[in-house]
Ligand code: FAD
């Protein structure tokens, strides 16, 4: 087995691991990034749709206040462009498909009033949750042992309002019954509230990267050069006070420090010798990702634009419950991106590829009419089936686990440091959180190395 000697071994070439490596390399340290896949980018992945155009099969959108990812992309020369959002949107809340101009579908005054009351109550409580330590929020134990669904059922009467409030959980790709109230409040706090979290203009879905979101990681890896080892799944991390030996299937790396920048569900499958402290093991094994199958449907042209439609739809009852126009910057070909989320993703994960495609196109026909039935191309990716991701958008602690074990999440364990979107404070689960976690881990390592 080849043994490399370096200062810092970094596990995972997603945005978090690559950011850590760039910072350390810029500070004059030797790094080796060990990546299980044969590509960089982790939960970002471009798919070729011909004529030099790509669509994003993983994460894609960025928005205001996501300054860490914006600065990284800028430094690496990757530009953004606005998500197409001209015209009216479509919604199906139980009854017929309706057009609406505001980001949210028009509802009855009764629904609007109840939604406002529910969101105000959630935002007031979210303001009491510290983003760097949600487990220290007032009443944290009670909040963390109550499910978000229980809160919805106890506090919201109208079924349409319940569905709209459940969007806070759906944005986590998790059924509200599996999300603690504390984590729902934290999710609102760390992404600047419901409107920013769910919005396009002024919100987290405002912009996309020219050349696809994976372009950021590809550019980062280009700068790191030989420091990135692909096809190197890390199986074991042996550690002593000031040395680590990181073992993969085809190369071992001896270093002074290790940074683990992989999703918690996968970190908990690495063998540590000696074993990790019980609280760290507990938070890693109890931080579960949600379920998403992402679909991009390619048409010869974006036919909805000619009808004055933006391409956005909201339809909580359909298999593809939400989506947007995902055409390349020049508007050709036309692409609609849709998401099987949470329960729908689980149901359709077990279905055949044909059943999934039928359900996806059936949703689009319900929303956009017959022209949606005959795409030029259909692309899908079930992120729960990806062995080196096992779900998305990001891991969240199981009900009760944040208060019980959350304090261990970011804590270094001897020479082992922790990065990744799930260790972020702001924009947990987003690109921005992944990048800021990489900066934090790199600072910790530099301080430790002296
Ligand atoms: P990852 O990207 O998961 O990187 C971890 C890396 O570690 C991977 O490359 C993996 O292969 C590797 N790895 C795992 N185990 C091992 C091992 N044992 N040894 C070696 N390597 C290993 N965020 C947004 O900001 N905007 C969005 O629009 C958005 N939408 C999303 C849509 C989807 C479908 C998905 C999947 C995610 C989305 N996200 C979005 C979330 C965002 O993509 C992630 O939060 C972010 O990319 C995570 O980066 P990371 O570096 O923490 O982890």
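Nothing in this text is a laboratory measurement; each read-out follows from the coordinates by a stated rule. In this text, all values refer to a predicted model and were calculated from it rather than measured experimentally. Cβ: placed from backbone, ideal geometry, glycine included. Neighbour counts: every protein chain shown.
By the equivalent-ellipsoid construction on the alpha carbon gyration tensor, the range 75-202 comes out with semi-axes of 26, 22, 12 Å, ordered largest to smallest. Relative contact order of the chain, taken over Cα pairs closer than 8 Å and 6 or more residues apart, is 25 percent. Taking every DSSP bridge with both residues inside the chain, close to 65 percent are antiparallel. Each Cα pair under 8 Å and six or more residues apart adds its sequence gap; the mean of these over the residue count of the range 283-412 is a relative contact order of 38 percent.
Its convex hull of Cα atoms gives the range 1-155 a direction-averaged projected area, equal to a quarter of the hull surface, of 16.4 nm². Counting only the Cα atoms, the range 367-450 fills a convex hull of 174 Å³ per residue. Altogether, the Stokes-Einstein calculation at 25 °C and 0.890 mPa s, with the Kirkwood radius of the range 171-315 over Cα pairs as Rh, returns a diffusion coefficient of 124 µm²/s. Take every Cα-Cα pair in the range 18-60 and report what % of them are more than 15 Å apart. Result: 58 percent of Cα pairs exceed 15 Å. According to the calculation over all Cα-Cα pairs in the chain, the P(r) per 10 Å bin from zero is 4, 21, 31, 26, 13, 4, 0 %.
In terms of packing, defined here as the mean over residues of other Cβ atoms within 10 angstrom, the peptides 279-289, 4-14 line up highest first as 4-14, 279-289.
Extents of the range 132-189, largest first, come to 33, 21, 17 Å (Cα atoms, principal axes, whole angstrom). Measure nothing fancy, just the Cα-based angle from helix 214-224's long axis to the longest principal axis of the chain, in degrees from 0 to 90, nearest 10. Once rounded, one gets 20 degrees. Averaging 1/r over each pair of different alpha-carbon atoms in the range 331-387 and inverting the result gives 12.4 Å, the Kirkwood hydrodynamic radius.
Of all DSSP beta bridges confined to the range 1-148, the antiparallel ones make up roughly 65%. In the range 259-357, inverting the average of 1/r over every pair of distinct C-alpha atoms gives 16.5 Å as the Kirkwood radius. Scaled to the globular estimate 2.2 N^0.38 Å, the Cα spread of the range 216-276, given as radius of gyration, is 1.20. Relative to the current alpha-carbon distance between residue 446 and residue 145, full extension at 0.36 nm per residue lengthens the span by 104.6 nm.
Helical content of the chain, expressed as a calculated mean residue ellipticity at 222 nm, amounts to -9500 deg cm²/dmol (DSSP H runs of 4 or more residues, -39,500 (n - 2.57) each, divided by residue number, nearest 500).
Kirkwood radius, the range 170-236, all distinct C-alpha pairs, inverse of mean reciprocal distance: 15.4 Å. Here the gap between residue 86 and residue 48, fully extended at 0.36 nm per residue and compared with their Cα-Cα distance, gives a gain of 11.2 nm.
Computed extension gain for residue 1 through residue 300, at 0.36 nm per residue and net of the alpha carbon distance, reaches 102.6 nm.
Of the residues 247, 407, the one with the fewest other Cβ atoms within 10 Å heads the list, and the complete ranking is 407, 247.
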